[in-house]
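First comes the structure, then the notes that go with it.
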Amino acid sequence: KQGNTVRITAQLIRTSDGFHLWSQTYDRDLIDVFKVQEEIAQAISDELVGLLPVGKNVNVSVATDDMTAYERFLRGRTRFFKRSELKKARDDLAFAVERDPKFGEAWVYLAATHYVLPGYETDINEKESYLAMNGAMERAEHLLPKHPLLLALRGNLLVERNKMAEGLDILAQAAAMPSTDSTPKLWYGNSLMVVGYANAAIPVLEQAISIDPLSGINHGYLGTALFMLRDDKRGAVEMALADSQGWSYGQLLYGWKLITQGQRNKGLALCRSLVDETNPGSSSAGLNAFEKAVLGTGDKKAYLDLLPPDTLDESLFALGLSDRILERWLAITKVDPTLGSNRYVMRIFWQPEYAAVWEDPRFFTIAERTGFVALWQARGYPFGCKPLSGAGSKRLQCPKAMP
């Protein structure tokens, strides 16, 4: 963009090898951005006839008349898609809706950004972020009540409130709606993983990748599901793709997994490559303390002292501290049985290396309190497991060869 002129380059690239099949550059005066989008999209559609099953006529809807608001919306939405610079994404989208309070799609993505922020930024207060999310959702509901991402957000919140079946059904509806945003499918696949349905999650996450193959988090979540099904080779490939596309957290998940499997040096090498000074566990000091605890040259307490008190941090599994997580989660669910954002810990719980944890009576108690057992009774237990009663408690009994 230069002044009121834009130059737009469109490329068709074969994803299997990166070969450029087609490219075209368009220069236009930026008088009406939506008219420009429609004109160029139509020109691209005409060029690709015979190459791709594209439609003949292209229509671009006008989201806002405020071009400044629209530009900030695009920046914020891109940051949300990448799950990077999420505070800037929040500010971009908040600016967009302040400039144009009727900009429905900006309200939708502002709500979604507030929803994911606490999981990525350690200094974000979850309750305050959720309050802001609720406010943005109310505006979005009024302007775009049938938006797929808004529907998916409702589904996520129901799952977090232990309304598992209802939440999964709404997420399935959102994932089935036509959309160029892969997030509804991503969130549906993740919730299937959370309740242990990895087999069902994989095709959904593969669909998310087919919509957006350059989204790191899409590859990372698929890698996690593959790990759940012992497909470590393919899972590692997906985690490497996720890392190359900006979602490095998957490499931490893989690193902890390798450490648990006994491949300590390889796992630690992955963890060391992901220093994040804003995160106590992944800071230089945190990684040094974690490495010493793994190798037995330091006390685990030194690492725990760097983490928030009573943490459910997934790295504790790699240190053999699953008991600590179980006890802490028991205490949390006794006070507040809703699953909440703690559901993400389940992506580690369901790794086959921790099958013994699944069969712990404490795990079954947590699953009862958070609505998992009610869902399993209605729709089937994961991995061929079944409930078993004895000695005054219940637990899961699972096949020895799992999954």
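The values are calculated or read from the model by the stated rules, or taken from the named source; none is laboratory data. The structure presented is a predicted model; accordingly, all values stated were derived computationally and were not measured. Positions of Cβ are backbone-derived with ideal geometry, glycine not excepted, and every protein chain shown enters the neighbour counts. To get the accessible areas, we keep the full protein, side chains included, count just its heavy atoms, and leave off ligands, DNA and RNA. Shrake-Rupley method; radii C 1.70, N 1.55, O 1.52, S 1.80 Å.
Looking only at residues that are part of a loop (DSSP other than H, G, I, E, B) and under 23 Å from the mean Cα position of the chain (by Cα) in region 298-336, which one is nearest to residue 286 (Cα to Cα)?
So the residue we want is 307.
How many residues does region 274-297 contain that are part of a helix (DSSP H, G or I) and hydroxyl-bearing (Ser, Thr, Tyr)?
2
Of 277, 359, 291, 327, which residue is of a type in the set (Asp, Glu) and buried (at least 16 other Cβ atoms within 10 Å of the Cβ)?
Among 277, 359, 291, 327, only 291 is of a type in the set (Asp, Glu) and buried (at least 16 other Cβ atoms within 10 Å of the Cβ).
Could you please tell me which pairs satisfy a Cβ distance under 8 Å, a separation of 6+ or placement on different chains, a first residue in region 1-28 that is under 12 Å from residue 44 (Cβ atoms) and touching a residue at least 12 places away in the same chain (Cβ under 8 Å), and a second residue that is open to solvent by less than 80 Å² (accessible area, probe 1.4 Å) and aromatic (Phe, Trp, Tyr)?
8/26; 9/26; 10/26; 11/22; 12/22
Does residue 166 satisfy the criteria of being touching a Pro at 6+ places or on another chain (Cβ under 7 Å) and charged (D, E, K, R)?
no
Taking region 185-202 as the search range and keeping residues that are on the phi < 0 side of the Ramachandran plot and part of a loop (DSSP other than H, G, I, E, B), which one is surrounded by the fewest Cβ atoms within 10 Å (Cβ to Cβ)?
If we take residues in region 185-202 being on the phi < 0 side of the Ramachandran plot and part of a loop (DSSP other than H, G, I, E, B), then 197 is surrounded by the fewest Cβ atoms within 10 Å (Cβ to Cβ).
Yes/no per residue for (1) over 23 Å from residue 364 (Cβ atoms); (2) open to solvent by less than 60 Å² (accessible area, probe 1.4 Å); (3) in contact with a Pro (Cβ under 6 Å, 6 or more places away or on another chain); (4) modelled with pLDDT of 90 or more:
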| site | (1), (2), (3), (4) |
| --- | --- |
| 298 | yes, yes, no, no |
| 308 | yes, no, no, no |
| 319 | yes, yes, no, yes |
| 336 | no, no, no, no |
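Out of 25, 9, 68, report the one residue that is closer than 30 Å to residue 220 by Cα, surrounded by fewer than 18 Cβ atoms within 10 Å (Cβ to Cβ) and polar (S, T, N, Q).
9
Would you mind finding the one in 392, 380 that is small (Gly, Ala, Ser) and either open to solvent by less than 60 Å² (accessible area, probe 1.4 Å) or in contact (Cβ under 8 Å) with a residue 12 or more places away in the chain (or both)?
The match here is 380.
Cβ-Cβ distance below 8 Å, separation of 6 or more or different chains: which pairs start in region 66-81 with a residue that is over 10 Å from residue 113 (Cα atoms) and of a type in the set (Ser, Thr, Tyr) and end on one that is at pLDDT 95 or above and open to solvent by 60 Å² or more (accessible area, probe 1.4 Å)?
Matching pairs, first to second residue: 68/99.
Condition test on residue 342, is it out of contact with any strand residue (DSSP E or B) (no Cβ under 6 Å at 6 or more places or on another chain), at pLDDT below 90 and part of a helix (DSSP H, G or I)?
For residue 342, the condition - out of contact with any strand residue (DSSP E or B) (no Cβ under 6 Å at 6 or more places or on another chain), at pLDDT below 90 and part of a helix (DSSP H, G or I) - is met.
If I go through region 116-128 residue by residue, how many of them are within 21 Å of residue 82 (Cα to Cα) and open to solvent by 10 Å² or more (accessible area, probe 1.4 Å)?
Qualifying residue count, region 116-128: 9.
Which of the residues belonging to region 21-44 are of a type in the set (A, V, I, L, M, F, W, C) and not in a helix (DSSP H, G or I)?
Across region 21-44, the qualifying residues are 21, 22, 30, 31.
Going residue by residue through region 126-148, is there one that turns out to be free of Cβ contacts under 8 Å to residues at least 40 places away in the same chain and closer than 24 Å to residue 214 by Cα?
For region 126-148, residues free of Cβ contacts under 8 Å to residues at least 40 places away in the same chain and closer than 24 Å to residue 214 by Cα: present.
Only one of these conditions is not met by residue 354: (1) under 30 Å from residue 279 (Cα atoms); (2) touching an Asp or Glu at 6+ places or on another chain (Cβ under 7 Å); (3) open to solvent by less than 40 Å² (accessible area, probe 1.4 Å). Which number is it?
Single failed check for residue 354: (2).
Those residues that are touching a residue at least 24 places away in the same chain (Cβ under 8 Å), outside any loop (DSSP other than H, G, I, E, B) and open to solvent by less than 30 Å² (accessible area, probe 1.4 Å), I need them from region 158-184; list them, please.
159, 160, 164, 167, 168, 174, 175, 183, 184
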